[in-house]
Amino acid sequence: MVGDLVLSALLILLASLLALVLSHFLPLLLNPKAPKGSFGWPLIGETLRFLRPHASNTLGTFLEDHCTRYGRVFKSHLFCTPTVVSCDQELNHFILQNEERLFQCSYPRPIHGILGKSSMLVVLGEDHKRLRNLSLALVTSTKLKPSYLGDIEKIALHVVGAWRDRSIIRARRHGRRWQGHSFLVIVKQVLGLSPEEPVTARILEDFLAFMKGLISFPLYIPGTPYAKAVQWLFSCLLLLTHSQARERISTTVKGIIEERRSAESCKKGDFLDVLLSTDELSDEEKVSFVLDSLLGVNETTSLLISMVVYFLGQSAEDLDLVKREHDSIRSNKGKEECLTSEDYKKMEYTQQVINETLRCGNIVKFVHRKALKDVRYKEYLIPSGWKVLPVFSAVHLNPSLHGNAQQFQPCRWEMPSKLPNAVVPVANGPDHDSSHSKPAFLALILFIGQGTSKKFTPFGGGPRLCPGSELAKIEAAFFLHHLVLNYRWRINGDDIPMAYPYVEFQRGLPIEIEPVSPESS
Ligand code: HEM
């Protein structure tokens, strides 16, 4: 009797295992025309190898091995799904441009739970369009507003001021300080709340808990070098606090919305007024919109700032050029005078440094999509329902697209108008034949379009191109202004930005700093 039971249990186990193995490998048999590649182990596929941490200015061994073995487009099994990975600039561009027609944004389920079902990164179709239009309106109304620029500059002065009387600092920690402050700026821009109001402190506290949960997400994958059992348990707990924090922020923001509605006359002229005046969004969507704005601003921008500090800390020559540019801007202004949008436009070399930082640093390594139907692209077939991952870092670090791709060379982004005969530079210009000389104005237009070009996509592309890209760049440029006017620095010891795949500095980026006078260079 017991023997029969054990036998049945064994048979069931065997059948389940067989079913698991079959369902894992069946898509391989059904889609012989999919790109070359391998599916790894049943269920986990090759996910653990794909997520293995590596320096963010390198491809990592997984992509290197697979591109060498199968080419720049290959199949794999990632995040429990059959996947096509694209390291090819043309295919990446095609995927991003065909959002909702052939491909669709498709982040893993746990991310939906974290961001909420109305988050812009999760919603699709018409819902996405409505939220996106609002987001673009927020950015357009914010980015060149003197009050916004003034607030950003105040943060820069505050963070740089905290470096006084110190010789070594952990730049990433100070970057996080920036994070806290820029959070206050966006809370002011979106919700009209000043930093002194108690409710702002409450939102900030909840938001930090929310962020911890979000950042701990990759720890969820057991077996990764950083997912020891304790960390795994810890991240489960964090995720719990995370969803509670999201609930609390949600309740607070709903309260603010209600309060503003009941006091109709009390319009503050901030973005919340715009948000409330639209009937197109439900309250849930409005709350989600606020969370998206806070989330977008926080992690990415402070990371960009830390990365700029990192790359310039290794290149005294570029640091000097940046300093000269900012000395010249400051020399035409009073010591205490605020930076303006005109000053920002003059920060040309700074823009080149920021672009090069984005190319080398790869803050967002890849994005998640899925194929809505069978897609034939050149010699590849991408089967319907498969996950598709356009990997931006692989294009940014491709030496045939960016000469000396491993090196930090801001001069590669030089404006074409400055080049002799306005020839569009080989590695710089967007997707066109660089061997042709073009009239200066055309070259300039093409250059301006480089933010969305095929070989440089730090902010994604197509209908989901990051709406906050310009805000992030302005913040980094203003910070750099006050930093280079006051300090010179270099990296203390080894620390590199690691892709986990979210990017972080292992040692918090310790740097040695030395005060300088505005004129010295
Ligand atoms: C260095 C800084 C930043 C980087 C590298 C970055 C990168 C990206 C990328 C690659 C995407 C595309 C995601 C996809 O296609 O699936 C994206 C989307 C998005 N970003 Fe950013 N971002 C940055 C800063 C910001 C800021 C400051 C904001 C907020 C104001 C923001 C808000 C958003 C939002 C709301 C989306 C979703 C857009 C959509 O789905 O239509 N980001 N970002």
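Taking the criterion of being in a strand (DSSP E or B) and either touching a Lys or Arg at 6+ places or on another chain (Cβ under 6 Å) or open to solvent by 20 Å² or more (accessible area, probe 1.4 Å) (or both), the residues of the range 83-96 that qualify are Thr83, Val84. Taking each residue of the range 454-466 that is near the ligand (Cβ under 7 Å from one of its atoms) and looking for partners that are among the basic types (Lys, Arg) and open to solvent by less than 20 Å² (accessible area, probe 1.4 Å) with beta-carbon atoms closer than 9 Å, six or more apart or interchain, yields Pro458/Arg359.
Working only within the range 113-167, note down all residues that are more than 19 Å from Thr301 (Cα to Cα), modelled with pLDDT of 80 or more and aliphatic (A, V, I, L, M). Listed by number, the residues that qualify are Val122, Val123, Leu124, Leu131, Leu134, Ala137. The set of residues from the range 25-47 being assigned to a loop (DSSP other than H, G, I, E, B) and of a type outside the set (Val, Ile, Thr) comprises Asn31, Pro32, Lys33, Ala34, Pro35, Lys36, Ser38, Phe39, Gly40, Pro42, Leu43, Glu46. For the range 373-393, taking the residues that are surrounded by fewer than 24 Cβ atoms within 10 Å (Cβ to Cβ) and not in a strand (DSSP E or B), the one that is nearest to the ligand (Cβ to nearest atom) is identified as Trp386.
Might you let me know whether the range 340-347 holds any residue that is assigned to a loop (DSSP other than H, G, I, E, B), open to solvent by 10 Å² or more (accessible area, probe 1.4 Å) and closer than 25 Å to Gly71 by Cα?
Here is the first cut: in the range 340-347, the ones assigned to a loop (DSSP other than H, G, I, E, B) are 340, 347.
If we keep only those that are open to solvent by 10 Å² or more (accessible area, probe 1.4 Å) too, we end up with 340.
Now narrow it down to the ones that are closer than 25 Å to Gly71 by Cα: none.
No - not one qualifying residue is present in the range 340-347.
Out of curiosity, is Lys370 open to solvent by less than 20 Å² (accessible area, probe 1.4 Å) and modelled with pLDDT of 95 or more? Answer is no for this residue. Screening Lys75, Lys36 for residues that are modelled with pLDDT of 90 or more, more than 21 Å from the chain's Cα centre (by Cα) and open to solvent by 60 Å² or more (accessible area, probe 1.4 Å) leaves exactly one candidate, Lys36. Just to verify a result, which residue in the range 474-503, among those that are part of a helix (DSSP H, G or I) and touching a Lys or Arg at 6+ places or on another chain (Cβ under 8 Å), is surrounded by the fewest Cβ atoms within 10 Å (Cβ to Cβ)? Restricting to residues being part of a helix (DSSP H, G or I) and touching a Lys or Arg at 6+ places or on another chain (Cβ under 8 Å), the top hit is Leu485. If you go through the range 97-129 and keep only what is open to solvent by 60 Å² or more (accessible area, probe 1.4 Å) and within 12 Å of the ligand (Cβ to nearest atom), you end up with Gln97, Glu100, Leu121, Leu124, Asp127, Lys129.
Checking Glu337, Glu285 one by one, the residue that is away from the ligand (no atom under 16 Å from the Cβ) and either assigned to a loop (DSSP other than H, G, I, E, B) or closer than 30 Å to Asn133 by Cα (or both) is Glu337 and no other. Val199 meets each of the listed conditions (1) more than 16 Å from Ser293 (Cβ to Cβ); (2) at pLDDT below 75 apart from (2).
Hey, does the range 349-356 have a residue that's surrounded by 17 or more Cβ atoms within 10 Å (Cβ to Cβ) and either of a type in the set (Ser, Thr, Tyr) or not in a helix (DSSP H, G or I) (or both)? Yes, the range 349-356 has at least one match.
Give the number of residues within the range 476-500 that are under 15 Å from the mean Cα position of the chain (by Cα) and within 14 Å of the ligand (Cβ to nearest atom).
Residues of the range 476-500 that are under 15 Å from the mean Cα position of the chain (by Cα), as a first pass: 476, 497-500.
After this cut, where a residue has to be within 14 Å of the ligand (Cβ to nearest atom) as well, the list is 476, 497, 499.
The number of residues fulfilling the criteria is 3.
In the range 131-146, of all residues being open to solvent by less than 60 Å² (accessible area, probe 1.4 Å) and more than 11 Å from the ligand (Cβ to nearest atom), the one that is farthest from Lys188 (Cα to Cα) corresponds to Ala137. Any residue that is at pLDDT below 90, surrounded by fewer than 16 Cβ atoms within 10 Å (Cβ to Cβ) and farther than 29 Å from Met498 by Cα - is there at least one of those in the range 403-416? No, the range 403-416 contains no residue that is at pLDDT below 90, surrounded by fewer than 16 Cβ atoms within 10 Å (Cβ to Cβ) and farther than 29 Å from Met498 by Cα. Set side by side, the residues Tyr226, Tyr220 differ, and just one is more than 21 Å from the chain's Cα centre (by Cα), modelled with pLDDT under 60 and of a type in the set (Phe, Trp, Tyr), which is Tyr226.
The values are calculated or read from the model by the stated rules, or taken from the named source; none is laboratory data. Note that this is a predicted model, so its numbers are computed, not measured. No Cβ is skipped: glycine too gets one built from the backbone with ideal geometry, and neighbour counts run over all protein chains shown. Keep in mind that these areas ignore ligands, DNA and RNA; they rest on the heavy atoms of the full protein, side chains included. Shrake-Rupley method; radii C 1.70, N 1.55, O 1.52, S 1.80 Å.
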